[in-house]
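This report concerns only the one structure given below.
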Amino acid sequence: MIEDVAEAVTERMATENPPRQVCWRGQGVAFAPLDVDDAELVHVWRADPVAAHEIGMWPRSLSAVRERIERDRDEHDRDDFLVLLPDGTPIGHTALFDQDLVDGTAEILLMLDPDHRGQGHGADAVDALVDLAFGELPMHRVQAVTHTTNTAALDVLARAGFTQEGVRRSACLHRGRRYDVAVLALLRDEWQALTRSRSWDVPVDGQ
């Protein structure tokens, strides 16, 4: 049901709105700045029970999501992006938030459309986001937080080079149960040691 609604919203947006302006590219995805007009898609993705459980995204009203996006646009310590496939299809929302340019720290967030999980897009998005953090911003440490039971996210983060630093025990309440939360991080020198290509090495069509 969530997948059907998300697909309908995506198709309607594609016909009503011009192509999105890409501001950053990864190996298999691209980023466009998140806009208030994307609130309907984000609202649908947040309503997915997997996102509510594993990411901690509590469903909100469409108006509340729109207001939150508007408020976040004015924040100088975060950057929010719509994750796009090469053909321009929006498949998720990612963010680099709690940016502290003095200490060089930030945290990442990623939420994918249920229909596009398990296909490698999450790994591509995380790689692209940390390339942005270390390649264009003066970050020294990028953090990620997720439930210890969220094996899919933990696998993506491990492949991206993140190291689990610790566990915040019983730090999350969900559906009457307490969950442990894993804290992971990637440091600049660890990112530099990665042998994969960087986002700026991705060829652009026609070039």
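Just so it is clear, none of the values below were taken in a lab; they were calculated from the coordinates. Because the structure is a prediction, the values reported are computed rather than measured. Here the Cβ positions follow ideal geometry from the backbone for every residue, glycine too, while neighbour counts run over all protein chains shown.
Remarks
- Sequence-separation-based contact order of the stretch 113-199, relative, with Cα cut under 8 Å and 6+ spacing, percent: 32
- The chain: most fluctuating residue of His93, His43, His76 per GNM, C-alpha cutoff 10 Å: His76
- Sites Arg198 and Thr105, calculated FRET efficiency, Cβ-Cβ separation with R0 25 Å, nearest 0.05: 0.75
- Calculated from backbone phi, Karplus (6.51, -1.76, 1.60) coupling profile of the stretch 106-114 in Hz, x at Gly/Pro: 6, 10, 10, 9, 8, 9, 10, 4, x
- Computed extension length for Val36-Thr149: 37.5 nm, one decimal, from 0.36 nm per residue of separation with the Cα-Cα distance subtracted.
- Summarising the label geometry, the points placed 7 Å from Cα in the beta-carbon direction at Arg169 and Asp72 lie 3.3 nm from one another.
- In the stretch 107-151, the convex hull through the Cα atoms has an average projected area of 3.6 nm², a quarter of its surface area.
- Alpha-carbon Rg/Rh ratio, for the stretch 104-186, with Rh computed the Kirkwood way: 0.99
- 222 nm mean residue ellipticity, helices alone, for the chain (DSSP H n ≥ 4; -39,500 (n - 2.57); rounded to 500): -9500 deg cm²/dmol
- Helix runs (DSSP H) in the chain reaching 15 Å along axis by Cα, Kyte-Doolittle at least 0.5: 121-135
- Local charge for Leu96 was computed over the other residues whose Cβ lies under 9 Å away, with Lys and Arg +1 and Asp and Glu -1, and equals -3.
- Distance histogram in 10 Å bins (all Cα pairs of the chain, percent per bin): 8, 34, 39, 17, 2, 0
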